[in-house]
Every structure is written in structure tokens, then in C-alpha cells.
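Following: one structure in C-alpha cells, then a few remarks.
Rule-based calculations on the coordinates, nothing more; no lab input. Since the structure is predicted, the reported quantities are computational estimates derived from the model, not experimental observations. Neighbour counts are summed over all protein chains in view; Cβ atoms, including those assigned to glycine, are modelled from backbone coordinates with ideal geometry.
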Amino acid sequence: MTDNHVGMEEDREIIYITDEEGNDEEFEVLMTFDVDGSDAKYMMVVPVEVGDDEDESEVYAFRYEEDGDDIKLFMIQDEAEWAIVEETFNTLVDSEDDEETV
């Protein structure tokens with residue numbers, strides 16, 4: 001479990017995730033989504049880096065819970081849960097791509 005801060009920057013949703021060494025790392029939220037048939041919520045993020053290159057950024061997925069203004073992130077460690085999240089993410093990205101080509 002990780003405690004995080006959420007902020008808006010240039011119309012982008014930015015969160016700060018504290019790493020194992022206690023350093024706050026900055027991430028941009030790509031999307032949040034629910035999985036059908038589940039109460040779980042998921043968040044896809046990419047690191048915000050100086051001179052970041054979107055084509056080479058690694059995407060991270062977390063299950064999250066909202067507690068008032070705070071967000072708690074949980075690593076996805078179960079392979080079955082990861083498969084569902086990956087499939088949902090790919091479906092959402094594919095549907096966005098289809099909308100852009102119309």
C-alpha cells in the first residue's frame with residue numbers, strides 16, 4: 001500500500017508516489033477505470049520525467065481506493081487480476097483509437 005498526493009498540472013492529473021526509499025516520484029494518470037462485476041477501481045500511470053518520451057514510457061497499473069481526498073494505491077500481484085486489468089486497459093485503448101479514426 002502506498003500513500004499518494006494528487007494534483008492537477010496543465011490539465012493533466014499528476015500523482016506523487018512514494019518509493020521504497022521515501023522519495024516522491026511524479027506520475028501522470030493516463031486513465032482510471034472499473035472492472036465489470038467488481039467493486040475494484042484501477043489506475044494506469046506513467047512516470048513524468050524531464051524531457052519524457054511518451055513512446056518509451058513504461059505504464060504502471062494499480063488498484064486504488066479513495067479515502068476522502070487521499071488515494072491509496074495497491075500493487076496488483078495476482079496474475080488473474082492482472083490479466084483482467086490488462087484486458088480491460090487494452091479494450092479501452094482500442095476503443096479510443098477507433099474513436100480517433102472516425
Whole-Hz Karplus ³J(HN,Hα) for region 76-83, in order, using 6.51 cos²θ - 1.76 cosθ + 1.60 and θ = phi - 60°, x for Gly and Pro?
8, 10, 7, 4, 5, 5, 4, 4
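Region 16-96: which GluC sites (Glu not before Pro) are DSSP loop and have at most 14 other beta-carbon atoms within 10 angstrom? Kindly include the intermediate steps, with their values, before the conclusion.
Working: sites: Glu20, Glu21, Glu25, Glu26, Glu28, Glu49, Glu54, Glu56, Glu58, Glu65, Glu66, Glu79, Glu81, Glu86, Glu87, Glu96; in loops: Glu20, Glu21, Glu49, Glu58.
Hits after loop and neighbour filter: Glu20, Glu21, Glu49, Glu58.
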Where labels lie 7 Å past Cα in the beta-carbon direction, separation of Glu81 and Val59 in nm:
1.9 nm
